1. Across the range 15-36, what is the total count of residues that are in a strand (DSSP E or B) and under 13 Å from Tyr104 (Cβ atoms)?
2. (1) open to solvent by 70 Å² or more (accessible area, probe 1.4 Å); (2) assigned to a strand (DSSP E or B); (3) among the polar types (S, T, N, Q): which one isn't true of Gln1, the others all being true?
3. Please find, within the range 66-83, the residue that is most open to solvent (accessible area, probe 1.4 Å) out of those that are in contact (Cβ under 8 Å) with a residue 40 or more places away in the chain and not in a strand (DSSP E or B).
4. Residue check: is Val63 surrounded by fewer than 19 Cβ atoms within 10 Å (Cβ to Cβ) and in contact with a strand residue (DSSP E or B) (Cβ under 7 Å, 6 or more places away or on another chain)?
5. Here are some residues: Arg66, Arg19, Arg102, Arg45. Which one is modelled with pLDDT under 95 and among the basic types (Lys, Arg)?
6. For the range 84-101, does any single residue satisfy the condition of being open to solvent by 50 Å² or more (accessible area, probe 1.4 Å), under 18 Å from Gly16 (Cα atoms) and assigned to a strand (DSSP E or B)?
7. Taking the range 48-58, which residues are buried (at least 18 other Cβ atoms within 10 Å of the Cβ) and not polar (S, T, N, Q)?
8. Let me confirm something: among Gly42, Gly9, which residue is more than 20 Å from Trp98 (Cβ to Cβ), of a type outside the set (Lys, Arg), surrounded by fewer than 20 Cβ atoms within 10 Å (Cβ to Cβ) and without any contact (Cβ under 8 Å) to a residue 24 or more places away in the chain?
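The values are calculated or read from the model by the stated rules, or taken from the named source; none is laboratory data. Every value quoted in this text rests on a predicted model; they were computed, and no experiment measured them. A quick note on method: Cβ atoms are made from the backbone with ideal geometry, for glycine too, and the neighbour counts reach across all protein chains shown. All accessible areas refer to the heavy atoms of the entire protein, side chains included, with ligands and DNA or RNA removed. Shrake-Rupley method; radii C 1.70, N 1.55, O 1.52, S 1.80 Å.
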Amino acid sequence: QVQLAVSGGGLVQPGGSLRLSCVVSGSDLNVYHIFWYRQAPGKEREPVASITPGGSANYADSVKARFTISRDNAKNTGYLQMNSLKPEDTAVYYCKSWRLGREYWGQGTQVTVSS
């Protein structure tokens with residue numbers, strides 16, 4: 001059973017940084033695509049960033065140049081480094097792993113950007 005454990009959320013001031021972690025258990029992460037999504041209150045869940053097993057990354061326009069997705073296959077962990085955070089980044093952030101049509105979700109972690 002593949003399970004994802006997400007951590008790293010919290011309250012941060014505008015302009016600050018946070019790093020989210022997504023630890024995968026039950027399978028080797030190196031064959032999975034990793035995705036980060038977020039859902040703000042009253043809005044639909046939206047993709048934020050993704051990274052392939054080979055390390056190719058893609059980002060939503062709203063987070064380009066501020067967020068960085070990465071992976072450490074040896075640690076079975078994916079990361080989302082978030083810099084220059086804005087109030088509009090406030091949301092619950094989720095991690096997903098995907099391979100050959102199978103996807104697994106972690107629990108969400110709250111990120112609140114406020115002064």
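1. Residues that pass the stated criteria total 7.
2. Just one mismatch for Gln1, condition (2).
3. So in the range 66-83, the residues in contact (Cβ under 8 Å) with a residue 40 or more places away in the chain come out as 71, 73, 75-83.
Now drop any that are not not in a strand (DSSP E or B), which leaves 73, 75-76, 83.
Details: Asn73: 57, Lys75: 131, Asn76: 30, Asn83: 57 Å².
Here the residue is Lys75.
4. Details: surrounded by fewer than 19 Cβ atoms within 10 Å (Cβ to Cβ): no; in contact with a strand residue (DSSP E or B) (Cβ under 7 Å, 6 or more places away or on another chain): yes.
Here the answer is no, as Val63 does not meet what is asked.
5. None of the others qualify; the one that does is Arg102.
6. In the first step, residues of the range 84-101 are kept if they are open to solvent by 50 Å² or more (accessible area, probe 1.4 Å); the result is 84, 86-88, 98-101.
With under 18 Å from Gly16 (Cα atoms) added as a condition, the list becomes 84, 86-88.
Subset that is assigned to a strand (DSSP E or B): none.
No, every residue in the range 84-101 fails to be open to solvent by 50 Å² or more (accessible area, probe 1.4 Å), under 18 Å from Gly16 (Cα atoms) and assigned to a strand (DSSP E or B).
7. Let us first name the residues in the range 48-58 that are buried (at least 18 other Cβ atoms within 10 Å of the Cβ), namely 48-51.
Result: Val48, Ala49, Ile51.
8. Values: Gly9 fails: without any contact (Cβ under 8 Å) to a residue 24 or more places away in the chain.
The conditions single out Gly42.
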